[in-house]
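Read the structure below first, then the notes.
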Amino acid sequence: QVQVVESGGGLVQPGGSLRLSCAASGSRFSIYFMGWYRQTPGKQREFVAFITDGDITNYAESVRGRFTISRDNAKNTVYLQMNSLKPEDTAVYYCNAKDGLDNYWGQGTQVTVSS
């Protein structure tokens, strides 16, 4: 059974930084895609960033230039470095992992940007 576990959320002041981590384990197949999404109450979950096992990355326009995604393929772990955080970045951040069989989600980690 594949498990996806996020960590690193918390409370930060506007302009501050946080680093999220996500580890995927238990897959019998290669995890070729790992990404971050976020959701606020009453809204749809939205894409933030992804990275493939070939280091292809993509970002939502709202975070481009402020967030950086990276991964350790050997550990099936992905990181999201978030800089210059804004109150509108406040959300529950979810990690997503895809292998050749299915699509897996973590439980989410809360990020709150507030003074």
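The values are calculated or read from the model by the stated rules, or taken from the named source; none is laboratory data. Values in this document were obtained by computation on a predicted structure and should not be read as measured data. Every residue, glycine among them, receives a Cβ derived from its backbone with ideal geometry; neighbour counts consider all protein chains shown. Areas reflect the complete protein model, heavy atoms only, side chains present, ligands, DNA and RNA absent. Shrake-Rupley method; radii C 1.70, N 1.55, O 1.52, S 1.80 Å.
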Output for the range 85-113, where each listed residue is open to solvent by 60 Å² or more (accessible area, probe 1.4 Å) and either farther than 18 Å from S7 by Cβ or in a strand (DSSP E or B) (or both): K86, P87, E88, G100, L101, D102, N103, W105, Q110
Meets criteria (surrounded by 14 or more Cβ atoms within 10 Å (Cβ to Cβ) and modelled with pLDDT of 95 or more) for G65: no
Tally of residues being over 20 Å from W105 (Cα atoms) and either among the aromatic types (F, W, Y) or outside any loop (DSSP other than H, G, I, E, B) (or both) across the range 53-67: 1
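For the range 30-38, state whether one or more residues are touching an Asp or Glu at 6+ places or on another chain (Cβ under 8 Å), among the aromatic types (F, W, Y), loosely packed, with under 13 Cβ neighbours inside 10 Å and not in a strand (DSSP E or B). Explain how you work it out, then say what you get.
To start, the set of residues in the range 30-38 that are touching an Asp or Glu at 6+ places or on another chain (Cβ under 8 Å) comprises 30-33, 37-38.
If we keep only those that are among the aromatic types (F, W, Y) too, we end up with 32-33, 37.
Subsequent filtering for residues that are loosely packed, with under 13 Cβ neighbours inside 10 Å retains none.
Within the range 30-38, none of the residues are touching an Asp or Glu at 6+ places or on another chain (Cβ under 8 Å), among the aromatic types (F, W, Y), loosely packed, with under 13 Cβ neighbours inside 10 Å and not in a strand (DSSP E or B).
Residues to consider are S21, S27, S7, S17; find the one that is among the hydroxyl-bearing types (S, T, Y), in contact (Cβ under 8 Å) with a residue 60 or more places away in the chain and open to solvent by less than 40 Å² (accessible area, probe 1.4 Å). Spell out how you get there, then give the answer.
Working: S21 fails: in contact (Cβ under 8 Å) with a residue 60 or more places away in the chain; S7 fails: open to solvent by less than 40 Å² (accessible area, probe 1.4 Å); S17 fails: open to solvent by less than 40 Å² (accessible area, probe 1.4 Å).
Answer to the selection: S27.
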Conditions (1) open to solvent by 50 Å² or more (accessible area, probe 1.4 Å); (2) part of a strand (DSSP E or B); (3) not aliphatic (A, V, I, L, M): number failed by R71: (1)
Filtered residue count, the range 1-29, keeping only those that are under 20 Å from T112 (Cα atoms), over 16 Å from the mean Cα position of the chain (by Cα) and part of a loop (DSSP other than H, G, I, E, B): 4
